[in-house]
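Novice: Provided herewith is a single structure, encoded as structure tokens, for subsequent inquiry.
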Amino acid sequence: MDCIPSDTINEVVNRFRSAYAIYVYGGSTDCSGGDIDITVFMEEVPSEIPRVSGNVDLQVFRRPRNTLFFVYIIKAGQLVYGNSLDIDVNSVVRSELEIIDEREYVFFNSDNEVMVCKSLKELMFLLAAIKCGIYESSNWYRMAKCLGSLGINVPYEFKHCLNPPSIDVLRHIGEPILRRIIWELKDAK
């Protein structure tokens, strides 16, 4: 975590002293990310999340949910404050495998480009987690490398789903990838 200024972590810890756990995760842990991903877990989530100086993507939750996103935070992230949390990876993967069809439906039928983008992105991360493990799929670059080893070229258009290209572009670029990912995931079930 040499790429994360200690004053940034200290600022987050000072603002969230009542947190029971604070994690740094994603590309922040190996200096491959463009921002610093920090998640705070606390009982009383503030109605407004205070801004932190620097390029920080700060999220606050009451507790982790049973999703791959939280697995990456807890299992591949670094605890910087509080007590470590645990999450059952196998249970999460089983749950994620049960909603493959829902994500496929969203990809083809949603009129929201963010949802279309996220539906395929989440499936790509799921396949990478199954094929390469949690750590080797814990950020965009690791996931893309993992899927690349399977002959799947991950489209960069799906990296920033909060600001994605148009639905038409996403579907045109993503459909062949989606079909391959779903085939691989159904084979993994």
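Novice: So for the stretch 162-181 (the condition being open to solvent by less than 50 Å² (accessible area, probe 1.4 Å) and either among the polar types (S, T, N, Q) or closer than 26 Å to Ile36 by Cα (or both)), does at least one residue qualify?
Specialist: Looking through the stretch 162-181, at least one residue is open to solvent by less than 50 Å² (accessible area, probe 1.4 Å) and either among the polar types (S, T, N, Q) or closer than 26 Å to Ile36 by Cα (or both).
Novice: Also, quick follow-up: Taking the stretch 28-57 only, how many residues are modelled with pLDDT of 90 or more and within 20 Å of the chain's Cα centre (by Cα)?
Specialist: 5
Novice: Assuming Val71 fulfils every condition listed in (1) of a type in the set (A, V, I, L, M, F, W, C); (2) in contact with a strand residue (DSSP E or B) (Cβ under 7 Å, 6 or more places away or on another chain); (3) at pLDDT 95 or above apart from one, which condition is it?
Specialist: In the conditions (1) of a type in the set (A, V, I, L, M, F, W, C); (2) in contact with a strand residue (DSSP E or B) (Cβ under 7 Å, 6 or more places away or on another chain); (3) at pLDDT 95 or above, Val71 misses (2) alone.
Novice: Moving on. When you go through (1) crowded, with 16+ Cβ neighbours inside 10 Å; (2) at pLDDT 95 or above one by one for Ser138, which number turns out not to apply?
Specialist: Single failed check for Ser138: (2).
Novice: Restricting the first residue to the stretch 45-64 and requiring it to be farther than 22 Å from His160 by Cβ, which pairs with a second residue that is open to solvent by 60 Å² or more (accessible area, probe 1.4 Å) and assigned to a loop (DSSP other than H, G, I, E, B) meet a Cβ separation below 8 Å and a spacing of at least six or different chains?
Specialist: What qualifies is Val45/Arg62; Arg62/Glu43.
Novice: While we're here: Which ones in the stretch 159-179 are within 9 Å of Val114 (Cα to Cα) and β-branched (Val, Ile, Thr)?
Specialist: Across the stretch 159-179, the qualifying residue is only Ile167.
Residue by residue, here is whether (1) under 24 Å from Glu184 (Cα atoms); (2) more than 14 Å from the chain's Cα centre (by Cα) holds:
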residue: Val24; (1), (2): no, no
residue: Gln59; (1), (2): no, no
residue: Asn83; (1), (2): no, yes
residue: Ile87; (1), (2): no, yes
residue: Ile99; (1), (2): yes, yes
residue: Cys117; (1), (2): yes, no
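The values are calculated or read from the model by the stated rules, or taken from the named source; none is laboratory data. Note that the structure is a prediction, hence the values are computed from the model and not measured. So basically every Cβ, Gly included, is an ideal-geometry build from the backbone, and we count neighbours across all protein chains shown. Surface accessibility is based on the protein's heavy atoms, side chains included, excluding ligands, DNA and RNA. Shrake-Rupley method; radii C 1.70, N 1.55, O 1.52, S 1.80 Å.
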